[in-house]
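The values are calculated or read from the model by the stated rules, or taken from the named source; none is laboratory data. All values derive from a computational prediction rather than experimental measurement. Reconstructed Cβ throughout: ideal geometry from the backbone, glycine too, with neighbour counts over all protein chains shown.
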Amino acid sequence: MARPAPATRLTDLPTVTIGGLEVPVATGLRARLVGLSHLDREEAANGLLIPRCSRVHTFGMRFPLDLVFFDRWAAVVAIDRRVGPRRFVSHRGAFAVLERPAGGGDSAARPTG
């Protein structure tokens, strides 16, 4: 059985490589606000990087998220695993957040590209 394609709203975004995975970057207001909400787990693919962000919400999520917070030098400052729906999560000093479907592995290395 073929793996479902990522959601169109994610494939239209620019990408970076994080821990060997190609991840879309939320560049516009809509992409930043909506994130991965209202998607099925398979449509979320490798997740979404949200730059210039230290706080996210999980309203509208259909699956738990692993959240990786980076500082402005791309060092990991915090990881929150299996964050359920209807939550706010923030970390002081964070400059970007990687939202990933929970359990997707520990590939949270420095972003490149």
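A few remarks follow.
- Yes/no for residue 39 being over 23 Å from residue 92 (Cβ atoms), surrounded by 16 or more Cβ atoms within 10 Å (Cβ to Cβ) and either without any contact (Cβ under 8 Å) to a residue 60 or more places away in the chain or touching a helix residue (DSSP H, G or I) at 6+ places or on another chain (Cβ under 9 Å) (or both): yes
- The residue list 17, 27, 11 contains one member that is over 13 Å from the mean Cα position of the chain (by Cα) and of a type in the set (S, T, N, Q), which is 11.
- Residue ID - surrounded by the fewest Cβ atoms within 10 Å (Cβ to Cβ), chosen from residues in the range 1-36 that are basic (Lys, Arg) and in a helix (DSSP H, G or I): 30
- Residue count for the range 74-92 satisfying the condition of being assigned to a strand (DSSP E or B) and either of a type in the set (A, V, I, L, M) or at positive phi (or both): 7.
- The set of residues in the range 75-113 being modelled with pLDDT under 95, among the small types (Gly, Ala, Ser) and either surrounded by 13 or more Cβ atoms within 10 Å (Cβ to Cβ) or within 17 Å of residue 25 (Cα to Cα) (or both) consists of 104, 107, 108, 109, 113.
- Residue in the range 65-73 that is outside any strand (DSSP E or B) and either surrounded by 14 or more Cβ atoms within 10 Å (Cβ to Cβ) or touching a Cys at 6+ places or on another chain (Cβ under 7 Å) (or both) present: yes
- Set 26, 74, 78, 45: member being among the small types (Gly, Ala, Ser) and more than 13 Å from residue 97 (Cβ to Cβ): 45
- A search for C-beta distances below 8 Å between a residue of the range 88-99 that is over 18 Å from residue 23 (Cβ atoms) and any residue that is acidic (Asp, Glu), counting only pairs 6+ apart in sequence or on different chains, returns 89/80; 93/71.
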